[in-house]
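Structure record follows, encoded as structure tokens.
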Amino acid sequence: MFSTLVLPPDLVADDVIAVRDQVSARIAAVLRPKSGKRREGDAPLPKGVELLAALPPHIDRPWKRFDAATTELQGFRSMRASAQADRRHAAASEAERSAANIDSDDRWRAFEQWNAGAAGLSDDGEAPAPSEARWLYAQLFPAPDGLRFITRRPRVQWTAMVQRMKTLEEERAQAVIEGFGGTRHHRQLVAAHARFGDAYGFTAVATAKESGPTDGRPQWSAARDALRSLIQKIESHADPEIPGSEALAAFLLAPYVEMVDDLARSRRRAPARKDEAVSAPPVEAGGTP
């Protein structure tokens, strides 16, 4: 009997949604198809449960309210899960930005050291002349700033790097790179530059999504209240003088009874632990079970 219904204290949203799905399947089983016949393969109905053209109104209305409330709760949980995944993805994106920035800085330092080494050679009459390496160094790392552009804000750094990368694409710069064995340095610099551009959204779109919903208490409360009302309405439908009413009520209430039993078994299996004297953590806003 559920006339004074108290929902299990350890009831969570997953339980409510699962009960909704089970009850929905049972309602579909007892409603007569338009053809008037059940499909082959449908499970037989329990003894005493007859096909109905429609649910009794006082069951149908609370059922629809419960279904709507549970659907809203399920939609909220889906949006919240998506928002949490987005936040985790954003955190990963921040880690990639940091890694891309470090990679770019290291490649520029290595390239500067290679270019400085080539520029420090004495003129021995071989081509390319060290003066060409000094020309390239002046283009990329002019005094007094030198390598300071890699310490600037990402947008400022990006603009400075783009200008230098264009210089490196020119025929004169390519001759210096190839002549002094800097091809490997240049290849790694190009890869690091592309990674930096992607990570910071300069060469690929990087959007920050709005924060998703966090407070699901209204949806959770509405679903619980709707479940409580539905169970009471189904129970009140059972009357020994109405043929089939008791069988129908038992059939529709079975998922809820099964859930209550499952929760009770879980409580009995849980090992007893002595409570520790610790301060309770603050309740997270919007903590839907």
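Laboratory data are not the source of any read-out in this text; all were calculated from the coordinates shown. Everything numeric in this text was worked out from a predicted model, so none of it was measured. Here the Cβ positions follow ideal geometry from the backbone for every residue, glycine too, while neighbour counts run over all protein chains shown.
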Calculated FRET efficiency, ALA175 and SER98, Cβ-Cβ r, R0 41 Å, to nearest 0.05? 0.70
Could you sort the peptides 52-62, 120-130 by per-residue average Cβ neighbour count (10 Å cutoff), highest mean leading? 52-62, 120-130
Which whole-angstrom value gives the distance between the alpha carbon centres of the range 181-204 and the range 227-271? 64
